[in-house]
Structure formats: structure tokens, C-alpha cells
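The values are calculated or read from the model by the stated rules, or taken from the named source; none is laboratory data. Just so you know, these numbers come straight off a predicted model, no measurement behind them. Here Cβ is always computed from backbone atoms with ideal geometry, including for glycine, and neighbour counts include all displayed protein chains.
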Amino acid sequence: MYLLRYSLGKAVIFGARFMQQGRKHALVLMRNSAVCPASVWNGYRFTIGKTSRRAVLQGLGALALLLAGPARAAQDSLAFRQVAPGTYVHVGHVAVPDAHLGGDTSNIGFVVGSRSVAVIDSGGAPRMGRMIVEAVRAVTDKPIAYLILTHMHPDHSAGAQSLREAGAQIVAHGRYDAAIAARSTFYAELETRRQGGAPSDFVFFAADIAVSDTLTLDLGGRRLLLKAWPTAHTDNDLTVLDEAASLLLAGDLLFSRHVPTLDGSLRGWLALLPELARIPARQVVPGHGPAPLPWPDALADERRYLERLAADIRAAIAAGRGLSTVQDTAAESERGRWELFDHYRGQNATAAYTELEWE
Ligand SMILES: [Zn+2]
């Protein structure tokens, strides 16, 4: 029961029922009011409805069978869409990582050249790396030469192990190693709390290739132009331009639908937006949210949000209001425009306030 409660966050579970239809299995979780949308956890569908005590017991028994059974692994796979010849994108859930999302909360890409493959970001759990390798193998036998990590956040970097074992060299910003070294223990504990498992399941690696400014990777007739940016979303943001596809993989320098999260410098982020917008691409894959999107038009929402956050925090500081007053009020006019707004508002306001109060 603990697992069920945990996996659905605040939802209180009143029952569960196991359902089978052909080769498809479903565990249907029930509560007295239907609030939670259907979602998929490890290939099994969860829906919310009404039930009885008997169904609870049946459902829990079924869950135990599912967790023990080999069918679970067999149904794990990630959907990638070919968005340009040789370029594939997986769009992760716009959600805070938890047990039932299994690390699938950020966007992932891979690009196939005539000699080799590069993967951009690894998802937020070891199983994501395994599924990325499988997805690449479904398309090509060429070696996975590179795993490019757009920054150190665990929802992008915690799936690295399988890709490394498949032979990929890890490519990251020159400041990535220091950032991940300082946080890897914290991230492993954080992801264990959010997703379950043990801290030792979440392994973070140093980069094999560090990018201090720009770097071009040639996959064989296919060039990726990497750029390391000054501190913005984090202090180690890296973007990837897939030249032939005219596609920018922006990592978390671009958010769409998912409210932007600030773990670097608000002033730095706002300052680099004009240069970011000049990158010659027709389309962009944000770190979170639907993809691909038209470029640079897709920047407009994020720019407006960051400018509003900065303006509200500066006004509060000028009026002598303390940090605690802005944590529940900052960027209020943006509230209806983003998902997860309330979840990240306090964190963004705190980061912005502590930066801007020294101006
Ligand atoms: Zn991030």
C-alpha cells in the first residue's frame, strides 16, 4: 500500500483491481472521486475510479504478481519519433519525477551519422539508459560514440550508465564535472526518495570530453555543433545544434509547458537569450515539454516568464519585502500559463531573490 500511495503522490487510494485483456495487463487504482488522470507505470496502465474492498485485495495481489513477473521488463520501451532524417526525439512527461514515471520526465534525442550515433541526454533513471540503447538498436547497429549531457540535473543525467556500458563517451560542459561531483550524493538520495530503489541505483559519471567553449562532433557526414554557455539554468548548460536537421537541442535553456526552473543565474539566463535566439535553426527540442517547436519563436514564453520573475523580485526587494513574502507571490501573472508552477515557484523565487538582492 505504501508503494501505491507513494507512486500517486497526494492521491489517496481506496482500491485497486487487476485487469487483463489479451496480452495487456492493467492495474486499475481507485479512489472515491476521480481526480487523477490515467497514467502508465512500467508499461501498466493506472486509472482512477470507484471500487470495493474486495477489489482492493484483488488489485494488491495482482500488483505483487506484476512486480515479481518477467512481463514487466518485456514491456519497457521508449517511443522515439524521427523528426528529421536520422534524428530521433523522445518527449518525456511534464511532471515531477516519481515512482510511476520511472525517470521519464525529460526530453531525449539521438542522431545517426554514417559512422556513429550520438545520444543527447539520458533520462532520469538507469532504466531510461537501457531503453535508449534499445531504441537506438532498433534503428541502427552503428556504435553509440557519444552521450552528450546538456547539464548536471539528475532528470537528464541519471540514465548514463547503460549508454556508457554501450561504449559512449560522455560529453559535457567544462563545469559539469565539478557540479556533479558536488551533488551526486544528494541527487542519489533525492531520486531514491522520489522514485524508489536505493541510492546506489543512481550513478553519475564524470565527463570524458569537456566542452569549454564550442566543439564539433562528426558522426560521419553529420555534424553536431556543441556550445557551452555562461551560467543560466545551471552553471553547466550545453546546447547541441544538429546542423543538417536545422534542429537545436537546447536542454533546459528552453522550457515549454513545464515552468522554467532556476538553479544558476536569472540575470545570466536573461542575458544569453538574445545570443541563444540567433542560433541558426528552424526547430528546437526543449529540455521539457512538446518537441520539436519552431525556433526561435519557442523562446517567447520563457523570456516573458523570466522577465516577470525578475521584475517581481526586484520590486519586492526595492519595497523592502523579505524573501518569505515573494515565495508565494512571485510571477503571479504567469500562474495559469505553465504546468508545475506552484511546485517550483518557491524555489525559483528563492534563487532569484538571493541573486538579485546583491545588485
Ligand atoms: Zn534542468
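Evaluating ARG127 against the criteria (1) buried (at least 20 other Cβ atoms within 10 Å of the Cβ); (2) away from the ligand (no atom under 16 Å from the Cβ); (3) assigned to a loop (DSSP other than H, G, I, E, B); (4) not aliphatic (A, V, I, L, M) leaves one unmet condition, (3).
How about segment 344-359: which of its residues are polar (S, T, N, Q), surrounded by 22 or more Cβ atoms within 10 Å (Cβ to Cβ) and over 13 Å from ASP328 (Cα atoms)? Steps first, please.
Going through segment 344-359, the residues polar (S, T, N, Q) turn out to be 347-348, 350, 354.
Narrowing the set further to residues that are surrounded by 22 or more Cβ atoms within 10 Å (Cβ to Cβ) leaves 348.
Result: no residue meets the conditions.
Consider segment 223-239 and keep the residues that are in contact with a Leu (Cβ under 7 Å, 6 or more places away or on another chain) and within 9 Å of TRP269 (Cα to Cα). The one that is farthest from the ligand (Cβ to nearest atom) is PRO230. Taking the criterion of being basic (Lys, Arg), out of contact with any strand residue (DSSP E or B) (no Cβ under 7 Å at 6 or more places or on another chain) and touching a residue at least 12 places away in the same chain (Cβ under 8 Å), the residues of segment 116-174 that qualify are ARG127, ARG130. Tallying residues that are assigned to a helix (DSSP H, G or I), over 17 Å from the mean Cα position of the chain (by Cα) and buried (at least 24 other Cβ atoms within 10 Å of the Cβ) within segment 142-162 yields 0. The one condition from (1) modelled with pLDDT of 50 or more; (2) surrounded by fewer than 21 Cβ atoms within 10 Å (Cβ to Cβ); (3) not polar (S, T, N, Q) that ASP121 does not meet is (2).
In the condition set (1) within 15 Å of ASP121 (Cα to Cα); (2) away from the ligand (no atom under 16 Å from the Cβ); (3) crowded, with 21+ Cβ neighbours inside 10 Å; (4) of a type in the set (A, V, I, L, M), LEU217 is compliant with all but (1).
Residue by residue, here is whether (1) over 27 Å from ASP177 (Cβ atoms); (2) within 16 Å of the ligand (Cβ to nearest atom) holds:
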position: PRO199; (1), (2): no, no
position: GLY221; (1), (2): yes, no
position: SER246; (1), (2): yes, no
position: TRP269; (1), (2): no, yes
position: PRO280; (1), (2): yes, no
position: PRO286; (1), (2): no, yes
position: ALA291; (1), (2): yes, yes
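Within segment 222-249, residues that are surrounded by 23 or more Cβ atoms within 10 Å (Cβ to Cβ) reach partners that are hydroxyl-bearing (Ser, Thr, Tyr) and not in a strand (DSSP E or B) with beta carbons closer than 6 Å, at six or more positions or on different chains, in the pairs ASN236/TYR176; LEU238/THR150.
Using the structure shown, decide if ASP252 is within 12 Å of ALA232 (Cβ to Cβ), within 16 Å of the ligand (Cβ to nearest atom) and buried (at least 20 other Cβ atoms within 10 Å of the Cβ).
On the way: within 12 Å of ALA232 (Cβ to Cβ): yes; within 16 Å of the ligand (Cβ to nearest atom): yes; buried (at least 20 other Cβ atoms within 10 Å of the Cβ): yes.
Judged against the criteria, ASP252 is a match.
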